[in-house]
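What follows is a set of notes on a single structure, which appears directly below.
The values are calculated or read from the model by the stated rules, or taken from the named source; none is laboratory data. Model, not experiment: these values are computed from the prediction. As a convention, Cβ positions derive from the backbone with ideal geometry for all residues, glycine included, and neighbour counts pool all protein chains shown. Surface areas here come from the heavy atoms of the whole protein model, side chains and all, with no ligands, DNA or RNA. Shrake-Rupley method; radii C 1.70, N 1.55, O 1.52, S 1.80 Å.
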Amino acid sequence: MKLHNIEIMANNQPTALERLLQVTRYRGFQVTDLSVSTNPETNMLAIKMSVNQPSIDGCLDRNGIERLYNQLNKLFDIKHVNLNPNSLAQQQG
Amino acid sequence: MNDPIKFNGASQTMTVLQRLGVTDIFGYPGGAIMPMYDAIYSSPIKHYLCRHEQGAAFAAVGYARASGKVGVCVATSGPGATNLITGLADAMADSVPVVAITGQVPTRAMGTDGFQEVDIISLSLACTKHSFQIRDVNEIPECIEQAFEIAASGRPGPVLIDIPKDVQVAQPDSILELIDNLPKNLDASKEKSDIKNQELLSIEPQIQRAVQLISNANQPVIYVGGGVGLANAVQDFRQLLENSQFPCVATLKGLGAVDGNHPNYLGMLGMHGTEAANLAIQESDLLIVLGARFDDRATGKLAEFAPNAKVIHMDIDPAEVNKRRLADVAIVSDLKNTLPMLNQSLLQQFDKPTMPELQKWQSTCHQRRNKKYDYNEDAKKGIFAPRLLELLSDSISKDHSRAVHVTTDVGQHQMWAAQHMRFSQPEQFITSAGLGTMGFGVPASIGAQISDPSGLNICVTGDGSFMMNIQELGTIKRYQIPIKIVLIDNSRLGLVRQWQQLFFEERYSETDLSDNPDFVALAKAFDIEARMINQKDRLEQSIEEMLAHEGPYLLHVKIDAFENVWPLVPPDTANDEMMISLQGE
């Protein structure tokens, strides 16, 4: 298991959160913490999410978090994704 | 009686579609989409009634893949909408620009488990690029224009628009005129082009690194996928092929990007790929991967795929880079921009086709390419499907008077078509590659024909797949769509049966279809001319008769039930460990 913290800016659309959670679940990550707030000036959703990346057959897929990052980034309503600095660095190290 | 046109959300929707250049749509009416169908009644856009919403979705996919335009399908709420889902998933897997419009129960009824109510937005999220639900009639123009933009831009894909019935009948604040200019912001487009220029500047160092890898490679292979055709970059890719003279392999969706007869083309790679293609990949020291995504059917056992190769990966979708294979150089942008940059740099800096190592590599690849397999065809009593498809391919390649599109269904016939037919453009071969959807071939061929009424459209299908959207024969009859269906019938679910033979101790569980209906009688019931053949001496004549027939035609070809697709890379095996045939075959 490995914990990652992700910060996301998303359009304040009804499906944004559902889509985010769907991709996260399907890529095998478990949400352990989630907070969502709306910025009234920009009408954007600010999302903070902690996810656990489970090991498969005792191994941690080193590229798993990069894949999740890329696939979240690609969603239409998600405008910005920020991984905690440790996530990508540790994967690459 | 023609009532005056109602000005409401539904008519607004049709006007927007018309402004976006839509001329044909596919669909099926029902309760929650009735206001739209009322608007369709007086719209100049031609609506094609398919006989199942899945047929309508595949027709839209076929239309989009043959024409490069956005395909549009329409269905009602609940079951109508869920029946579209397979088509959307197919479009998602194969990056096809499709917009699906569904009716929804009225807003006030949503969430009450109303009649024909289903949360289609939620169901669609995993198989669309984006999904909209329009709750305010005034949002219709912007939403639909945005849906078309999303479907067609970047890596194309399907977009769903769900419109509750009350929104369809609501009066918008302003009536959209057909001649109104689209709300294009000139500053925004300038901004876009600035971003593009910046992006390309930032790519230049990657191009230089790619040129360096290419200059140092002794056994390079170009690996072409569907993205080259989608990017409209076939000419740029072919220039790369000519400039470099590197051997080239194609994925199922990349077929046609390189002319099937090109001397450096080694064929399709992967599970049913050629020996020449798979060995070249396995021995390669550099893969130049263009618009492809290292699909598992292409790579076989990933850990042993191209073990000594460095990878240059060029694709528009950043999520494909490093997804299954790490790239040494990743160039993430539109191939239409990046391939010319690579070509130019190579022209200036690369003069390798004459180097001895490369010549040796080319000659090894050529020898393998020209190796012929003896499948003992003469000893076979019945019709050999690969021979049938080669003859068909030869016949249609002689016809230069019209565009040709070949669709397939999924199974042995699909692999035989991929292996034994030759295509000169990627859009000529329309097959359900990523999702592998049986039932795709006939409705996709209908859509392709409607996109180009003068074209020649052939659907190569199997007896399992054909029955999966058999109701679309009704669509063929209704509009007299002159597609030619080549039904390769082994009375089996052939590919599953083959796997049962090879990997499940010949336990043929539920793959016997020897109680199939009389397909010729079935076609004739829909006024479709049809004939059955089971003798190989009648092959050429039967193909010519079919191609000469003006209207729709079914050629029912009976083949041996135990014919297999060769070569085959067994599951979870490296691509160089391919089975060429079974003993005794």
> Can you name every residue in the stretch B:293-333 that is assigned to a loop (DSSP other than H, G, I, E, B) and open to solvent by 50 Å² or more (accessible area, probe 1.4 Å)?
Replying inline: B:Arg293, B:Lys301, B:Pro307, B:Asn308, B:Ile316, B:Arg324, B:Leu326, B:Asp328
>> Quick test for you: out of B:Leu487, B:Leu502, pick the one residue that is in contact (Cβ under 8 Å) with a residue 40 or more places away in the chain and either surrounded by fewer than 24 Cβ atoms within 10 Å (Cβ to Cβ) or not assigned by TED's automatic domain parsing to the domain that holds B:Glu544 (or both).
In response: B:Leu502
> Of all residues in the stretch B:378-391, which are open to solvent by 50 Å² or more (accessible area, probe 1.4 Å) and touching a helix residue (DSSP H, G or I) at 6+ places or on another chain (Cβ under 9 Å)?
Replying inline: B:Lys381, B:Arg387, B:Glu390
>> Tell me yes or no: at least one residue of the stretch B:425-441 is surrounded by 24 or more Cβ atoms within 10 Å (Cβ to Cβ), within 27 Å of B:Tyr265 (Cα to Cα) and among the aromatic types (Phe, Trp, Tyr).
In response: yes
>> Please determine whether any residue of the stretch B:233-244 is closer than 22 Å to B:Ile396 by Cβ, among the charged types (D, E, K, R) and in contact (Cβ under 8 Å) with a residue 24 or more places away in the chain.
In response: no
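State yes or no: is B:Ile288 assigned by TED's automatic domain parsing to the domain that holds B:Ala233, open to solvent by less than 10 Å² (accessible area, probe 1.4 Å) and not charged (D, E, K, R)?
On the way: assigned by TED's automatic domain parsing to the domain that holds B:Ala233: yes; open to solvent by less than 10 Å² (accessible area, probe 1.4 Å): yes; not charged (D, E, K, R): yes.
When the stated conditions are applied, B:Ile288 passes them.
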>> within 13 Å of chain B (Cβ to nearest Cβ) and open to solvent by less than 80 Å² (accessible area, probe 1.4 Å): which single residue out of A:Gln22, A:Gln13 fits that description?
In response: A:Gln22
>> Residues to consider are B:Val410, B:Val460, B:Val442, B:Val406; find the one that is assigned to a loop (DSSP other than H, G, I, E, B) and under 25 Å from B:Arg492 (Cα atoms).
In response: B:Val410
> Looking only at the stretch A:42-66, which residues are in contact with a strand residue (DSSP E or B) (Cβ under 7 Å, 6 or more places away or on another chain) and hydrophobic (A, V, I, L, M, F, W, C)?
Replying inline: A:Met44, A:Leu45, A:Ala46, A:Ile47, A:Met49, A:Val51, A:Leu60, A:Ile65
>> So B:Ala151 passes all but one of these: (1) within 17 Å of the chain's Cα centre (by Cα); (2) away from every other protein chain (no Cβ under 14 Å); (3) crowded, with 24+ Cβ neighbours inside 10 Å; (4) among the small types (Gly, Ala, Ser). Which condition number does it fail?
In response: (2)
> Taking the stretch B:392-402 on its own, how many of its residues are in contact (Cβ under 8 Å) with a residue 40 or more places away in the chain and surrounded by fewer than 18 Cβ atoms within 10 Å (Cβ to Cβ)?
Replying inline: 3
>> Given the criteria away from chain B (no Cβ under 14 Å), within 13 Å of the chain's Cα centre (by Cα) and surrounded by 13 or more Cβ atoms within 10 Å (Cβ to Cβ), does A:Asn84 qualify?
In response: yes
> Just checking, how many residues over the stretch A:55-73 are within 24 Å of A:Val36 (Cα to Cα) and away from every other protein chain (no Cβ under 11 Å)?
Replying inline: 1
